[in-house]
Amino acid sequence: MTLNGQMENFLSAMEYPARPSDLIREALRDGFTDDDVLIFAMLDEHSYHGAFEVRRSLSLEGSLVSSLV
């Protein structure tokens with residue numbers, strides 16, 4: 001799965017640790033659409049310690065996430 005540039009920038013700028021609810025809240029504040037933040041709603045509910053963990057978890061979601069990005 002490849003994230004678009006805006007999503008990559010967002011994940012890189014995010015403060016960690018962060019839970020999916022933190023990612024959703026901050027993405028909405030940054031002007032992402034509801035459809036964009038659905039990606040974060042698919043994450044397992046635990047603290048992520050960096051953008052790499054979020055990317056890894058999203059990549060494990062497979063083609064469902066790819067179709068949303």
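So what is the diffusion coefficient of segment 1-50 in µm² per second by Stokes-Einstein at 4 °C and 1.567 mPa s, using a Kirkwood Rh over Cα pairs? Estimated via Stokes-Einstein, D reaches 118 µm²/s.
Here the extension length gained between His46 and Asp22 equals 7.6 nm, from 0.36 nm per residue of separation less the Cα-Cα distance.
The accessible surface of segment 21-62, taken with every protein chain in place and a 1.4 Å probe, is 49 percent carbon and sulfur.
The values are calculated or read from the model by the stated rules, or taken from the named source; none is laboratory data. Keep in mind the model is a prediction, meaning the values are calculated, not measured. Surface areas here come from the heavy atoms of the whole protein model, side chains and all, with no ligands, DNA or RNA. Shrake-Rupley method; radii C 1.70, N 1.55, O 1.52, S 1.80 Å.
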